[in-house]
Structure formats: structure tokens, C-alpha cells
1. Inverting the mean 1/r over all pairs of different Cα atoms, compute the Kirkwood radius of the chain and quote it in Å.
2. Please give the helix 192-342 orientation as an angle from the longest Cα principal axis of the chain, in degrees from 0 to 90, rounded to the nearest 10.
3. Can you tell me the 0 to 90 degree angle between the C-alpha axis of helix 95-104 and the longest principal axis of the chain, rounded to 10?
4. What net charge do the residues around residue 62 carry, taking every other residue with its C-beta under 9 Å from that of residue 62, with Lys and Arg at +1 and Asp and Glu at -1?
5. Lysines within cross-link reach of residue 210: Cα-Cα under 18 Å, excluding same-chain residues under 8 positions apart?
6. Could you pull the Rg and Dmax for the stretch 178-332, using just the Cα atoms, both in Å?
7. Taking the chain as a Gaussian network, where each spring joins two C-alpha atoms under 10 Å apart, which residue of 293, 34, 235 fluctuates the most?
8. Need the full-extension length gain, residue 41 to residue 59, defined as separation in residues times 0.36 nm minus the C-alpha distance. One decimal, nm.
Amino acid sequence: MRCILLKLKKVELLGFKSFADKTEISFNGEGIAAVVGPNGCGKSNISDAIHWVLGEQSARTLRSGRMQDVIFNGTPGRKPTGLAEVRLTLLDPDWAQNSAAAEQRPAEGGLASRYTEAGEGIITVARRLFASGESEYLLNDRVCRLRDIHELFLGTGLGPDSYAIIEQGRIGQILSAKPYERRALIEEAAGVTKFKARRKLAWAKLESSKQNLARVNDILEEVSRQLGSLQRQAARARRHQELRQQMQAQLRTLLVGRYRQKEEETAQAALELGRHRGAVRDLAEQIEQQEAALHQAHQLLERQQEELRRAAEERGTLRLEAERLRGQIATQSQQAVYLARRA
Ligand code: ATP
Ligand code: MG
């Protein structure tokens, strides 16, 4: 098992608790660094800042009421900052060796594989919190998830519940802790936590894979059940397709035949139509001639009727003349009789 050793190089604070101005605390020297100052000057705020930037979620652990309380809240002579930012610079002295290990065993690489691109084994971790509650984490100046930070520090003693930062009163807490609580601390120190977390993740993945497999098996069973019916349906569909094609071919032949027949009939009908048109023309001429003859006959009839009427008139006149003459004759006959009698 390989333990990862990290060296704290620098802590930068801006607007975090009592650090209103940008403050940089460097730990460049070898050996032990001590922060000394009077009560309330902000020594514990530095360790709070380190806790916070590593993803601490409990405001109580940070000695605050709620998370936004870590933002510098102002003084009578100074306005609140509205933003808290802490940046940590760490160094992995064995970075070259760890990077090579990460390349060989990426699953174990974790930490080293994350920062090789930053070069020289330098890792920067930053956290920002705005008064609105909006927050972000940055790993080597790139926005990342809190989970990435946790994963990065697994097994280094710097994660949540870590042993790397032991604040006021924590020693007493550890000594009076229950054995299983102490075990967690020892396991983290021994680098077991990282593997336990990975094992948990692997179990979760395995469980999810098992469930997926069960689902796939269910689906497979269902699909096999449907397969027979689908095969029958497919055979029917194929037969249907064949019959349809045959029907279409026969229909095409039939329609082509009918079309040809209709074409012939149309040609025949066109011929007949031509013939009929000629006959109609002849008939029209005949009708015209007969109409002319009829007209002449009408005129002749009218003339004869006129002559007849005139003859009738003449006959009437003659009849009257005859009447008158008959009267005259009768009168003359009577006179003759009378004269004869007298004579
Ligand atoms: P001791 O020696 O007693 O442990 P200390 O040096 O650890 O003290 P801290 O507890 O780090 O001191 O700092 C406490 C100071 O930080 C207080 O003066 C408090 O007013 C200030 N402080 C805490 N939170 C904020 C904040 N959000 N804004 C401004 N100042 C704050
Ligand atoms: Mg203190």
C-alpha cells in the first residue's frame, strides 16, 4: 500500500472570517511552522479556512451558525466583503513517482493523475462562497465538483473527518471517542479509507450491474417469448409481400391488355365517328335540299290557295248574278203570264 504525502506550501485567504484583505501565508521552510498571536487574532480561522477549502460542509465544525457566516461580516469601519475565497497550494514531493504509478495503474492513481498537467507536483484547491449562497470549487484553477476534491484527498488525511488537522479540543475528542470512531481515524491514517471508498463504489457498481443483468435477462426472456410469434408474423408478412407482388404483376398485365383493347376500340370508334360525321353531313345537305323544295311547295300552295280564293269569290259573284237573273226571269215570266192572261 502506497501512502501519499503532501506538503502545505501556501494558504491564501480573501474575505474569509477575520481575513478581510487578501492574506497569503507561506510554509516554505522545512520543519515545523507555528502561528503565534493573542487570543482572538484569527489563528483558528486559518485552520477553519483549510477545513473549509477541503469541502467541509458543517457550519458547526467551522464554528459558525450557517455557512455564509464564514464571509467577512464587516466591522464598524469596514463593509462586509460579500465573498469568501480560500486557496490552498500543496506539493507532492514524490509527484514524478506517483504520476508514473498513475499511468501504470490509473485506478489507483487518483491524486497524481489529476495534477500532472499542472506540473512539478503542485496542486491548487480553491473554494469560493458568495453572500447569495452560490459557491464553487476549483482544482488547478478549473471549476470542479466537491466530489472531485473528496476523491483527490482520499487517503491523504485531508478529507472530511481527517486527522491531518487537529484543532483545539480535538485531541480530547479522539481520546474519548468510541473504538469504531477511532478506527475510522486510524484507517484514514493507514490509507485504507481510499480503498474502502473504492470498494463501496465497486460494490455499488456491481449491484447496479447485477440489476442491469437481471433486467437484460428479463428482456431476453420476454424477447424469446415474442420471437416465435414474430417469426410467424414475419413469414406471413413475406407471403403477403410475395402475393402482393404477384397480384400487382397480374394486375399490370391485365391492365396493359385492357389498355391495348381500349386503344383499338378507340381507334375503331374514331373511324366510325368519321363515317357517321360524313353521313350526318350528307343528311344535313339532304335536309337542306328538302327544306328548299318544301319552301317552294309552300310558295306554290300559297299561290294556288290565292287562285282558289279568287275563284271562290268569282263563283260567289256569279251565283249572285245568277240569282238576280233568275229573279228577273221569274218576274218577266209572271209579267208574261199576266200579259198573256190579259190578252
Ligand atoms: P484563541 O487564541 O482564543 O483560540 P484565535 O486566534 O484562534 O483565538 P479565532 O477563533 O481564529 O481566534 O478568531 C476569532 C476572531 O475571528 C474573532 O475576533 C471574530 O470576531 C473573528 N471572526 C469570526 N468570524 C468572522 C467573520 N465572519 N467576519 C469577521 N470576523 C470574524
Ligand atoms: Mg483558537
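1. On the way: mean 1/r = 0.0309 Å⁻¹.
That comes to 32.4 Å for the chain.
2. The angle comes out near 20 degrees.
3. Rounded to the nearest ten degrees, it is 50.
4. Surrounding charge for residue 62 is 0.
5. 200
6. 59.5, 190
7. 293
8. 4.5 nm
Here, each number is a calculation from the coordinates, and none is a lab measurement. Everything numeric in this text was worked out from a predicted model, so none of it was measured. Cβ sites come from the backbone with ideal geometry, for glycine too, and all protein chains shown count toward neighbours.
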